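These notes concern the structure reproduced below.
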Amino acid sequence: MSGSAIRLCLCLILSACAIITPLQAKAATTAEPMFRGNPARTGELPGPGPTGKPVLLWRFETAAPVVVSAAVANGTVYAGSWDHGLYALDARTGEQRWRFEARAGFFSSPALHDGMVIAGDNAGRLYALDAETGFVRWITYADGPIWSSPAVVDGIVYVGSVDGALYAIDATSGDLRWRHQTGGFIWSSSPAIAGSLAFIGGTERSRAAAGFLVAIELATGNERWRVAIPGGVYNSPSVAGNTVYVSGQDGVLRALVAETGIVRWSYQPPGSGVGSSPSVSNGVVYVSSRDGYLNALDAASGQVRWRARFGRSLGSSPVISHGIVYVISKSGLLVAFDAITGDAHWAFRTYAEAGSSPVVAGGVIYLGATRHLLEPVQGLILAVGGEASLGRD
């Protein structure tokens, strides 16, 4: 979810007033599509990306903004909208296969698991839908809206809620395993899972402009450690090796020891602040800053490797696939950067305001947008591929 979308979501809610040991903290991996590519939220996607000059393959219009990242599998794109619909679209043509009408709009990116699409809505309902038909398998209720995107590990769904709790739910039955109340609010931060811990951020109830990152034991739901983050955490942490990376509203990216929460290093871009979830791949951390730059940092030391401009203000969180980093500006400019050098391979103007991070799969990039900048369209799902994609069967 983009920064502007988060602020608008906050206004809507307020106006309506819900043991890792050393060398064992390896990121959980999965072949199942979910927000930011995997349970560790590293932003690494299977891809590949488009080949050749980028072109718009198709667009699907919704009745309200799309602020979630899609999940793509078996030739189908799954994404929710503020219009209460969770859509299944043909990945090649954009044709609607089915639409599920939820109680409220979707702020939660879907996860796919065992033939199900799992996502939460703004009414606090976590839905598990049959991926082929859209029929309900089960529904579980939180005590507040669900803006957090679920992670599924070893048959358990982990998801946060605005009520301040992290929920662990049986993926087969929808039964609650445990519920950990952080004592604050969990907004759009999604849990990152590594080893035996879940990491998630939020804001404090008792103090303005204060927030936290917590580590919670998967087996018991008990809190292992808590670190204060000025301004709070609205983005999702990422875990790689034995390090958790998280960006706060204070504009600082922090790298913390996964077992203890001790800060290894911190980074704030010159004259600006970070504003996106971090992505991690091959020893490099990538994060977007509020001044429209993509920052590449050494994951071990925090030293800057390169910075590259992709817009005039913050857009999406970056994602990585096959040595390319993809990021979209707030004004809809999609840019592909070389992960090692920071050189731009190409840029493509979508003319749609960025609502979510890109998803890269099967030679295509799928995007959610809040509105079209030239037409009276309130929400979009876009597919951008290479020129060769236009001639495929």
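A short reminder: the numbers here are calculations on the coordinates, not readings from a lab. Owing to the predicted nature of the structure, the values given are computational and were not obtained by experimental measurement. Neighbour counts are summed over all protein chains in view; Cβ atoms, including those assigned to glycine, are modelled from backbone coordinates with ideal geometry.
Worth a mention:
- Amide H to amide H distances under 5 Å link Val284 with Ala299, where only residues 5 or more positions off or on other chains count and H is placed in the peptide plane.
- Here the relative contact order of the stretch 183-252, from alpha carbon pairs under 8 Å that lie six or more residues apart, stands at 29 percent.
- Exposure proxy order (Cβ contacts within 10 Å, fewest to most) of Val66, Val157: Val157, Val66
- Packing-based order for 261-268, 358-365, 116-123, using average beta carbon neighbours within 10 Å, highest first: 116-123, 358-365, 261-268
- For Ser277, the residues whose amide H sits under 5 Å from its own are Ser236, Ser317, ignoring neighbours fewer than 5 places away on the same chain, with H placed 1.01 Å from N.
- Among (i) 227; (ii) 118; (iii) 183, the entry derived from the coordinates for volume of the Cα convex hull per residue in Å³: (ii)
- Summarising the amide proton neighbourhood of Thr62: residues at separation of 5 or more, or on other chains, whose placed amide H is nearer than 5 Å comprise Gly379, Leu380, Ile381.
- Relative packing of 317-330, 216-229, which averages over residues the other C-beta atoms within 10 Å, highest first: 317-330, 216-229
- Charge tally around Gly332: other residues with Cβ under 9 Å, Lys/Arg +1 each, Asp/Glu -1 each, net +1.
- With the charge dipole of the stretch 3-391 set up from +1 on Lys and Arg Cβ and -1 on Asp and Glu Cβ about the Cα centre, the Cα lying farthest toward the positive end among the listed residues Ile216, Leu256, Leu382 is that of Leu256.
- Centre separation in Å (Cα based) which lies between the stretch 332-346 and the stretch 91-131: 31 Å
- Whether the stretch 280-393 is rounded, prolate or oblate, judged on the alpha carbon gyration tensor where a/c under 1.5 counts as rounded: oblate
- Distance from the C-alpha centroid of the stretch 300-328 to that of the stretch 203-265: 21 Å, rounded to the whole angstrom.
- Other residues lying with their Cβ under 9 Å from the Cβ of Asn295 contribute a combined charge of +2, Lys and Arg counting +1, Asp and Glu -1.
- Applying the Karplus relation 6.51 cos²θ - 1.76 cosθ + 1.60 with θ = phi - 60° to the stretch 326-333 yields 3J(HN,Hα) values of 10, 8, 10, 6, 4, 7, x, 8 Hz, where x marks Gly and Pro.
- Three-way shape label, the stretch 23-180, alpha-carbon gyration tensor, a/c 1.5: oblate
- Cα gyration tensor shape of the stretch 58-118, rounded if a/c is under 1.5, else prolate or oblate by comparing a/b with b/c: oblate
- Evaluating 6.51 cos²θ - 1.76 cosθ + 1.60 at θ = phi - 60° for every residue in the stretch 230-247, the Karplus couplings come out as x, x, x, 10, 10, 8, 9, x, 10, 10, 9, x, 10, 10, 9, 10, 8, 10 Hz, glycine and proline recorded as x.
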